1. Starting from residues that are of a type in the set (G, A, S) and at pLDDT below 95, keep the ones in the range 110-130 and report whichever is nearest to V178 (Cα to Cα).
2. Assess whether C199 counts as being surrounded by fewer than 12 Cβ atoms within 10 Å (Cβ to Cβ) and within 26 Å of N63 (Cα to Cα).
3. Within the range 184-196, take every residue that is part of a loop (DSSP other than H, G, I, E, B) and at negative phi and give me the one that is surrounded by the fewest Cβ atoms within 10 Å (Cβ to Cβ).
4. Could you give every pair whose Cβ atoms fall below 6 Å, whose first residue belongs to the range 154-181 and is of a type in the set (V, I, T), and whose second residue is part of a helix (DSSP H, G or I), counting only separations of at least 6 or pairs across chains?
5. Which members of the range 93-113 meet the condition of being in contact (Cβ under 8 Å) with a residue 60 or more places away in the chain and under 17 Å from Y140 (Cα atoms)?
6. Identify, from the list P68, P135, P97, the residue that is of a type outside the set (D, E), surrounded by 15 or more Cβ atoms within 10 Å (Cβ to Cβ) and in a loop (DSSP other than H, G, I, E, B).
7. Restricting to the range 151-183, give me the number of residues that are assigned to a loop (DSSP other than H, G, I, E, B), touching a Phe, Trp or Tyr at 6+ places or on another chain (Cβ under 9 Å) and either of a type in the set (V, I, T) or crowded, with 16+ Cβ neighbours inside 10 Å (or both).
Amino acid sequence: MRVPKNWGTWLFLATVGACAWALIGAAMSSRPSRSPEQVQGPRGDIFTPAHPSLRAAVADFLNLRPEPVQPIAFTHKAHAANGLPCEVCHTAVAQGPQAGIPSVKFCMACHLVIAADKPEVKKMAAYMSRGEEIPWARVYDYSPSAHLRFDHAPHIRAGVACANCHGDVAQQTVAERVVDLTMGYCIGCHQERKASVDCLTCHF
């Protein structure tokens, strides 16, 4: 029987693989047990406590997210053209972390009269008549694994324009994700404005 010339390489790789497998097994056995709710995804898949599947983990790592689909084709462009600044609808933007999304009653305060015959306004009126809030889909968000807290208020106080992070919303119909809010983007802005880049400024 002829022995392959590179048998030593194969033996080395097999030994390393066996050692790695043993170390992984030892590490896994020493981990505290988790409930099924902590480790299982919506279909019962088990991957990690943070992601239901390998595909979800890779998509999260690469910041790949589906485009949000809104229940109503709200047009920012038309509202901005009528002179409405962001703060009229996003009333909490200068007070705290969340910019806030107006309630359906807030919207219908104008649209009971204005453009009441438009199809999208009729959809909104239907939500109000059912006593439901509009289930808007988030456009910008951070992965839970980033352990990041973003506070709108200090950015508004510092004079950061909404367009810096959200793009030129005044030229959009339905809001789009046009700015890639990576850590590099945020740090670059902080450095430019001489703001803190300490980890604890944004992460917890």
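The values are calculated or read from the model by the stated rules, or taken from the named source; none is laboratory data. From a predicted model like this one, the values you see are computed outputs, not experimental measurements. As a convention, Cβ positions derive from the backbone with ideal geometry for all residues, glycine included, and neighbour counts pool all protein chains shown.
1. So the residue we want is A115.
2. The answer is yes for C199.
3. Taking the candidates together, the pick is S196.
4. Cβ pairs passing all conditions: V169/H76; T173/K77; V179/C165.
5. Hit for the range 93-113 is V93, nothing else.
6. Answer to the check: P68.
7. So the answer is 5.
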